[in-house]
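Structure record follows, encoded as structure tokens.
The values are calculated or read from the model by the stated rules, or taken from the named source; none is laboratory data. Here the structure is a predicted model, which means the values were calculated and not measured. Here Cβ is always computed from backbone atoms with ideal geometry, including for glycine, and neighbour counts include all displayed protein chains. Keep in mind that these areas ignore ligands, DNA and RNA; they rest on the heavy atoms of the full protein, side chains included. Shrake-Rupley method; radii C 1.70, N 1.55, O 1.52, S 1.80 Å.
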Amino acid sequence: MSFINPLYALPKIMDHALSSIAKLMGIEDLRIGRHILRDPKRMRIGELTITQAWHALIQPTFHDRAVVAVARAVDTEFRGKTFPGFLRAGIAIVGIETNALRQSVVADVDVDPLPGSLRSLDILTPRDSLCLDGIAYELHTDSGACEAILRFSNPTLECFRNIETALIAVSESVSNTANDLVV
């Protein structure tokens, strides 16, 4: 690992970024399982079941940080009413100088490329170089079958470049789909 340990760098602001994305997605938080849907008075109005969730912290050395997240929900029935499933992705930008949440946006997406990019993952391949600057990634996944955290930086191996490409594709899909940024 190179320059920054994301576990200790921004825990509170990252929680705030994830909460912001989850709220815009219409769920309690970014986790799998049953989510209670509530109206503004906090009355229970429905349920959703999240079957897959992941988020990634992206930390370029001299630029704002980003959190990218995806949640997949299945159709869920509650008291005779069906709440439709979705595949939603979001991005939150955290200022490098202030560590403040600058903006967040969420959009429905058609495809999540991350699962396919993880199929060729080789986590035991050695790397001969040490990088002091560049970009660090911390990926958190949860599907029920497996919960994992993967940290890597400055990807040179194809399997890690594939993950980086998937993160970029999700980010581009959200930014192309969403019309307005919400703070």
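Normalised by 2.2 N^0.38 Å, where N is the number of residues, the alpha-carbon radius of gyration of the chain equals 1.07. Largest GNM mean-square fluctuation across 51, 125, 61, computed for the chain with C-alpha springs under 10 Å, falls on 125. Based on every Cα atom in segment 74-168, Rg and the maximum pairwise Cα distance Dmax equal 17.3, 59 Å.
Springs join every pair of Cα atoms under 10 Å in this Gaussian network model of the chain, and among 84, 113, 60 the largest mean-square fluctuation is at 84.
Efficiency by 1/(1 + (r/R0)^6): what FRET value for residue 78 and residue 150, r their Cβ-Cβ distance, R0 = 35 Å, to the nearest 0.05? Once rounded, the FRET efficiency stands at 0.55.
For residue 47, the residues 5 or more places off, or on other chains, whose built amide H falls under 5 Å of its own are 37.
The C-alpha atoms of segment 131-173 occupy a region whose extents along the principal axes are 35, 24, 16 Å, arranged from largest to smallest.
Probe of 1.4 angstrom, ligands and nucleic acids ignored: what's the accessible area per residue over the chain, in square angstrom?
On the way: 10320 Å² over 183 residues.
Ligands and nucleic acids excluded, the result is 56 Å² per residue.
If one takes the longest principal axis of the Cα atoms in the chain, at what angle in degrees, from 0 to 90 and to the nearest 10, does the Cα axis of helix 11-25 lie? The helix 11-25 is inclined about 40 degrees to the chain.
In the elastic network of the chain, a GNM with C-alpha springs shorter than 10 Å, the most mobile of 76, 165, 98 is 98.
Computed about its Cα centre, the charge dipole of the chain is approximately 680 debye, with only Lys, Arg, Asp and Glu carrying charge at their Cβ.
With N counted as the residues of segment 46-99, its alpha-carbon radius of gyration over 2.2 N^0.38 Å works out to 1.60. Scanning residues 5 or more positions from residue 78 or on other chains, those with amide H under 5 Å from its amide H are 83, with H placed 1.01 Å from N in the peptide plane. Apolar share of the accessible surface for the chain: 52 percent from carbon plus sulfur atoms, 1.4 Å probe. Taking the centroid of alpha carbons for each part, segment 22-84 and segment 111-173 are 22 Å apart. Each residue of segment 147-159 was assigned a 3J(HN,Hα) from its phi angle through the Karplus curve 6.51 cos²θ - 1.76 cosθ + 1.60 (θ = phi - 60°); the sequence is 10, 9, 10, 10, 10, 7, 9, 6, x, 10, 7, 4, 5 Hz, with glycine and proline shown as x. The charge dipole of segment 62-143, taken about the Cα centre with unit charges on the Cβ atoms of Lys, Arg (+1) and Asp, Glu (-1), comes to about 280 debye, rounded to the nearest 20.
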